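Report on the structure given below.
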Amino acid sequence: MPDPRRSRLKRTLGIAVSVELACLAAWVLWRTFQRISFADVVANMRSVPPATLALAAFCAGGAFTALALYEVAVVRYVKHCIGRAKPMVTAFIAFPLGHAVGQAMLSGGALRYRMYTPAGFSATEVGATVLLANLPYALAFGLLLDLSLVFAATTLEPLFRIESRWLFALGCLGLAKDVGYALTILLRKKPIKLGGWAVHLPTPAMTALQLAIGIVDIALVSSVLYMLLPDGSSPGYLPFLAVYLASVLAGVLSHVPAGLGVLESMLLLLLPDVPPDQLLAAVLMYRVVYEIVPVLGALVLWGLYEGFSRDGVRLRLFPPRQARGIRAESPTIDRIE
């Protein structure tokens, strides 16, 4: 039975952290715009070379395509036999919208429930799919942040204002956590009990696929912003990756949709050598390429699905197609009787 006082304390601390990060972001942005003009930011956005913009768009598209292909593998792992089109369409809708709305597991989970239940998925199977779909980013996020802290600790010292030995120790501690998770996947065969649920760990092959997809996803997405930064101002890709991931983490902890304002303020604090007007221009272009355009595409795709798909709201006069293979239990989550 959960302790109500502990739950209230955790909720209060979470709200306090979110408010503090949001206030810090507002203060940093206010101070920054005291020194620069928005017209300078717009001018820098317009000066981005078309070839750089095209390459950034290619990286963003590659990241979403990798996630869509992974969703096909996840659906086969959970359910089998519903084809490739529906998982890929679902991924191209759920990932951009989930990222833009925030709380990606909840918002993306609601979209997946809408898309997969007509194909015969139970609520538990949708939950397993949502969990597996979000694991690659979480696993690769931790691993890449740990590696960047270990191998770029000296470069990161003046950026994070923390001694390199502590950054190195923190990275080693994180890598120990990563190794521990890998050993658990390899050695533990029984499910983990959480409340009234039994959580089955992914197979080693699925975990390897998750890490590979997560690394590809983060590498491509971070490259979108990295190549939009002005030449000669970045500390190098590996230190930049640590700065980028720390900024994204702050945005996640703030619970602000897409980390709006928080990502910008953290990058301004952690990349002081980049001219602020050029940095803000790069981040805004990053949001256009990686967030705004994919969200608009996802909305169009969702509208087409609802209007013309057999499972869409417009054509529900036809009975929805059921999956041929119905499992008695989920390979990831089961209720404990």
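The values are calculated or read from the model by the stated rules, or taken from the named source; none is laboratory data. Everything numeric here is computed off the predicted structure, so don't read it as measured data. Cβ sites come from the backbone with ideal geometry, for glycine too, and all protein chains shown count toward neighbours.
Of note:
- Of all residues in region 138-160 being surrounded by fewer than 21 Cβ atoms within 10 Å (Cβ to Cβ) and hydroxyl-bearing (Ser, Thr, Tyr), the one that is nearest to Tyr244 (Cα to Cα): Thr155
- Restricting attention to region 31-46 and to residues that are without any contact (Cβ under 8 Å) to a residue 60 or more places away in the chain and not hydrophobic (A, V, I, L, M, F, W, C), the residue that is surrounded by the most Cβ atoms within 10 Å (Cβ to Cβ) turns out to be Arg31.
- Only a single item in (1) of a type in the set (Gly, Ala, Ser); (2) in contact with a helix residue (DSSP H, G or I) (Cβ under 6 Å, 6 or more places away or on another chain); (3) surrounded by fewer than 20 Cβ atoms within 10 Å (Cβ to Cβ) is not met by Ala128, and it is number (3).
- The residue of region 161-195 that is surrounded by the most Cβ atoms within 10 Å (Cβ to Cβ), among those that are hydrophobic (A, V, I, L, M, F, W, C) and more than 17 Å from Leu139 (Cα to Cα), is Leu167.
- The set of residues in region 252-262 that are touching an Asp or Glu at 6+ places or on another chain (Cβ under 9 Å) and of a type outside the set (A, V, I, L, M, F, W, C) contains only Ser254.
- Across region 47-57, the qualifying residues are those that are out of contact with any helix residue (DSSP H, G or I) (no Cβ under 9 Å at 6 or more places or on another chain) and assigned to a helix (DSSP H, G or I), and the one among them that is surrounded by the most Cβ atoms within 10 Å (Cβ to Cβ) is Ala54.
- Here Ala85 meets the list (1) at pLDDT 95 or above; (2) over 18 Å from the mean Cα position of the chain (by Cα) almost entirely, failing just condition (1).
- Across region 226-240, the number of residues qualifying as surrounded by 22 or more Cβ atoms within 10 Å (Cβ to Cβ), touching a residue at least 40 places away in the same chain (Cβ under 8 Å) and either more than 22 Å from Phe33 (Cα to Cα) or not hydrophobic (A, V, I, L, M, F, W, C) (or both) comes to 1.
- The residues of region 68-111 that are of a type in the set (Gly, Ala, Ser) and either within 17 Å of Pro136 (Cα to Cα) or in a helix (DSSP H, G or I) (or both), listed by number, are Ala68, Ala73, Ala85, Ala91, Ala94, Gly98, Ala100, Ala104, Ser107, Gly108, Gly109, Ala110.
- Cβ pairs under 8 Å, 6+ apart, first in region 64-75 and farther than 13 Å from Ala128 by Cα, second among the polar types (S, T, N, Q): Tyr70/Gln210
- Trp197 meets the conditions (1) more than 16 Å from the chain's Cα centre (by Cα); (2) at pLDDT 90 or above in every case but one. The failed one is (2).
- Wholly enclosed helices (runs of 4 or more DSSP H) of region 115-218 bearing at least 2 residues in contact (Cβ under 8 Å) with a residue 60 or more places away in the chain and in contact with a Phe, Trp or Tyr (Cβ under 9 Å, 6 or more places away or on another chain): 123-151
- Checking each residue in region 109-123 for being farther than 15 Å from Ser309 by Cα and surrounded by fewer than 19 Cβ atoms within 10 Å (Cβ to Cβ) picks out Ala110, Tyr113, Gly120, Ser122, Ala123.
- When each of Val283, Val293 is tested for being within 20 Å of Ala43 (Cα to Cα), touching a residue at least 40 places away in the same chain (Cβ under 8 Å) and under 18 Å from the mean Cα position of the chain (by Cα), the lone residue that passes is Val283.
- On inspection, Ala198 fails the criterion of being among the small types (Gly, Ala, Ser) and surrounded by fewer than 16 Cβ atoms within 10 Å (Cβ to Cβ).
- For region 58-97, the set of residues classified as charged (D, E, K, R) and surrounded by 23 or more Cβ atoms within 10 Å (Cβ to Cβ) consists of Glu71, Lys79, listed by residue number.
- Criterion violated by Val274 - all others in (1) surrounded by 17 or more Cβ atoms within 10 Å (Cβ to Cβ); (2) in a helix (DSSP H, G or I) satisfied: (2)
- Here is the figure for region 247-271: residues that are farther than 22 Å from Val48 by Cβ, under 14 Å from the mean Cα position of the chain (by Cα) and buried (at least 19 other Cβ atoms within 10 Å of the Cβ) total 2.
- The listed residues are Pro235, Pro202, and the only one of them that is modelled with pLDDT under 95 and within 16 Å of Ala133 (Cβ to Cβ) turns out to be Pro202.
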